[in-house]
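The values are calculated or read from the model by the stated rules, or taken from the named source; none is laboratory data. Because the structure is predicted, anything quoted here is derived from the model rather than measured. Heads up, the Cβs are rebuilt from the backbone with ideal geometry, glycines too, and the neighbour counts pull from every protein chain shown.
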Amino acid sequence: MAGKLIICPTPIGNLGDMTERALEALRSADAVCAEDTRVTGKLLAAFRIEKRIERLDEALIGERASSLVERVAAGEVIAYCSDAGMPGVSDPGLRLVRAAREAQAPVEVLPGPTAAATAYVASGCVDPRFYFGGFFPRKDAERRAVVESLRALDAALLFYESPNRLVAALTSLAETLPHREIAVCRELTKLHEEVVRGPLPEVRDAFAAREREGAGIKGEIVLVIDGPSAAEDAAAEQDAEAAARDRAVELKAAGARNKDIARAIAEEFGIARNAAYDISLEA
């Protein structure tokens, strides 16, 4: 039998979502590699599959990918599982697939569950496009920088987040994108599945209240942030005009002429020249 690498998706919470193709691949593989052998071991036990499991996490995949690909080239069938969902989506499995492709070793990717796509559909978002950014940065400055870099993107924004950092993440988002709506999708496909949707400041306040009350926030979370809206555009124009008026007052106090003020604030704040000149006259 020819060797190949099989990428096996696993449920993101509900064992009933395990596909027959993935089960057959795990049963027939010569070896199973897993991000966490304990997690995959429990999954195999649930389906009464006895198989040797080799650990292949973020720390090991760089040094072991080449040897695994060599085993595939020698005729071994190796299945790879992440802890949950589709291997390679915010997961070190991407590097294993890349190594196999570079060596021209056969790769078979089985379709299956992924939290990002499930959350996108469950969120109630109507944007026809979405951008998936993986795990949201841990630090506030980095979160804000990422959001600012994606602000103009005409698409919904999706991120994975830890329950321990959820309120901090929502705070950063509410302050940078106050006019957008968000859906916090938690524990998808599980018993306590929850989707909380609304304006970002309101959703932030709701989860902050839970935290203060000691209710706790648990489970895997996907953030689905709506793309740009007319309301956001209008608010941005108002903010730009207000800032331009303040700048015009400063420039006039410094002795600048109206036409020079108009040119300066038009360039700085992206305001139409006629509107900028009117602001300069009123300063």
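Taking into account only those residues within the range 111-121 that are among the aliphatic types (A, V, I, L, M) and buried (at least 18 other Cβ atoms within 10 Å of the Cβ), which is nearest to residue 17 (Cα to Cα)?
115
State whether one or more residues within the range 246-268 are touching a helix residue (DSSP H, G or I) at 6+ places or on another chain (Cβ under 7 Å) and closer than 30 Å to residue 129 by Cβ.
No, the range 246-268 contains no residue that is touching a helix residue (DSSP H, G or I) at 6+ places or on another chain (Cβ under 7 Å) and closer than 30 Å to residue 129 by Cβ.
Determine the pairs where a residue that is in contact (Cβ under 8 Å) with a residue 12 or more places away in the chain, located within the range 187-210, has a partner that is of a type in the set (S, T, N, Q) and assigned to a helix (DSSP H, G or I) with Cβ atoms under 8 Å apart, the partner being 6 or more residues away or on another chain.
188/118; 189/118; 204/171; 208/171
Name the one entry in 48, 71, 64, 21 that is assigned to a helix (DSSP H, G or I), assigned by TED's automatic domain parsing to the domain that holds residue 95 and closer than 30 Å to residue 187 by Cβ.
21
Go through the range 144-198 and report how many residues are of a type in the set (Asp, Glu), under 15 Å from residue 133 (Cβ atoms) and more than 13 Å from the chain's Cα centre (by Cα).
So the count comes out to 1.
Here are the criteria: (1) in contact with a Phe, Trp or Tyr (Cβ under 8 Å, 6 or more places away or on another chain); (2) assigned to a strand (DSSP E or B); (3) in contact (Cβ under 8 Å) with a residue 60 or more places away in the chain. Tell me which single one residue 32 does not satisfy.
Unmet for residue 32, out of (1) in contact with a Phe, Trp or Tyr (Cβ under 8 Å, 6 or more places away or on another chain); (2) assigned to a strand (DSSP E or B); (3) in contact (Cβ under 8 Å) with a residue 60 or more places away in the chain: (3).
Restricting attention to the range 233-261, report how many residues are small (Gly, Ala, Ser), surrounded by 15 or more Cβ atoms within 10 Å (Cβ to Cβ) and over 41 Å from the mean Cα position of the chain (by Cα).
1
Return the residues of the range 119-131 that are over 13 Å from the mean Cα position of the chain (by Cα), part of a helix (DSSP H, G or I) and not small (Gly, Ala, Ser); say none if nothing qualifies.
Selection gives 121 alone.
Scanning the range 84-104 for residues that are touching a helix residue (DSSP H, G or I) at 6+ places or on another chain (Cβ under 8 Å), aliphatic (A, V, I, L, M) and crowded, with 20+ Cβ neighbours inside 10 Å, which turns out farthest from residue 74 (Cα to Cα)?
This residue is 84.
Any idea how many residues of the range 18-29 are in contact with a Cys (Cβ under 8 Å, 6 or more places away or on another chain) and free of Cβ contacts under 8 Å to residues at least 40 places away in the same chain?
Looking only at that region, the number is 0.
Please state which of the following conditions residue 134 fails to meet, knowing it meets all the rest: (1) in a helix (DSSP H, G or I); (2) outside the structural domain of residue 54 (by TED's automatic domain parsing); (3) touching a Ser or Thr at 6+ places or on another chain (Cβ under 9 Å); (4) among the small types (Gly, Ala, Ser).
Here residue 134 meets the rest and fails (1).
Can you tell me which residue is surrounded by the fewest Cβ atoms within 10 Å (Cβ to Cβ) among those in the range 35-54 that are farther than 17 Å from residue 78 by Cα and over 29 Å from the mean Cα position of the chain (by Cα)?
48
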